[in-house]
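To keep things clear, I will list the structure first and then write my remarks on it.
Since every read-out is calculated from the coordinates, none of them should be taken as a lab result. None of these values were measured; they are calculated from a predicted model. Cβ placement follows ideal geometry from the backbone for every residue including glycine, while neighbour counts extend to all protein chains displayed.
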Amino acid sequence: MMEKTLVILKPCTLQRALVGEITSRFERKGLRLAGMKMVQLTDEVLSEHYAHLSSKPFFQRVKDSMMACPAIVCCFEGVDAIQVVRTLTGPTNGRLAAPGTIRGDYSMSFQENIVHASDSPEAAEVELKRFFKPEEIFEYEQAVFGFLYANDEY
């Protein structure tokens with residue numbers, strides 16, 4: 001099933017000049033970039049986004065890290081895009097992520113782990129609405145679409 005998912009390229013990704021490298025990993029896999037913009041995240045947005053961590057002692061540290069400089073929010077689309085992105089990304093702790101995954105190749109940290117990726121269709125829907133206006137997500141067909149999937153896969 002075609003899905004859209006949120007990927008946030010965290011401030012550590014910008015600071016390390018890895019934006020092109022990371023986005024190209026998703027594109028090379030065959031995911032379609034449907035939206036992308038640079039944003040300065042705010043405490044208010046991050047408090048909502050990371051509300052599930054609000055009782056944790058590291059909550060403020062996470063928010064501070066995400067506000068250190070701008071981040072880049074992306075919407076990627078593809079068949080089973082949420083799971084595909086999470087597989088490419090690897091586990092949260094970069095030290096435990098397998099080589100070949102984005103975190104396995106570029107992260108030594110639990111927090112400074114390159115990207116945030118939606119973990120379910122429900123989360124993706126909420127998160128995409130949090131970071132994008134409807135007119136900021138684009139529908140278009142890539143010329144290579146017929147070479148990415150069999151005609152009965154989507």
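Numbers below:
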| quantity | calculated |
| --- | --- |
| Percentage, to the nearest whole number, of Cα pairs in the chain over 24 Å apart | 31 percent |
| Burial ordering of Cys74, Cys12, Cys69, fewest other beta-carbon atoms within 10 Å first | Cys69, Cys12, Cys74 |
| Choice from Glu125, Glu21, Glu141 showing the highest fluctuation, given a GNM over the chain with Cα pairs closer than 10 Å | Glu141 |
| Size descriptor, Kirkwood hydrodynamic radius, that averages inverse alpha-carbon separations across the stretch 33-90, Å | 13.1 Å |
| Whole-number D in µm² s⁻¹ for the stretch 13-62, Kirkwood Cα-pair radius fed into Stokes-Einstein, 4 °C, 1.567 mPa s | 96 µm²/s |
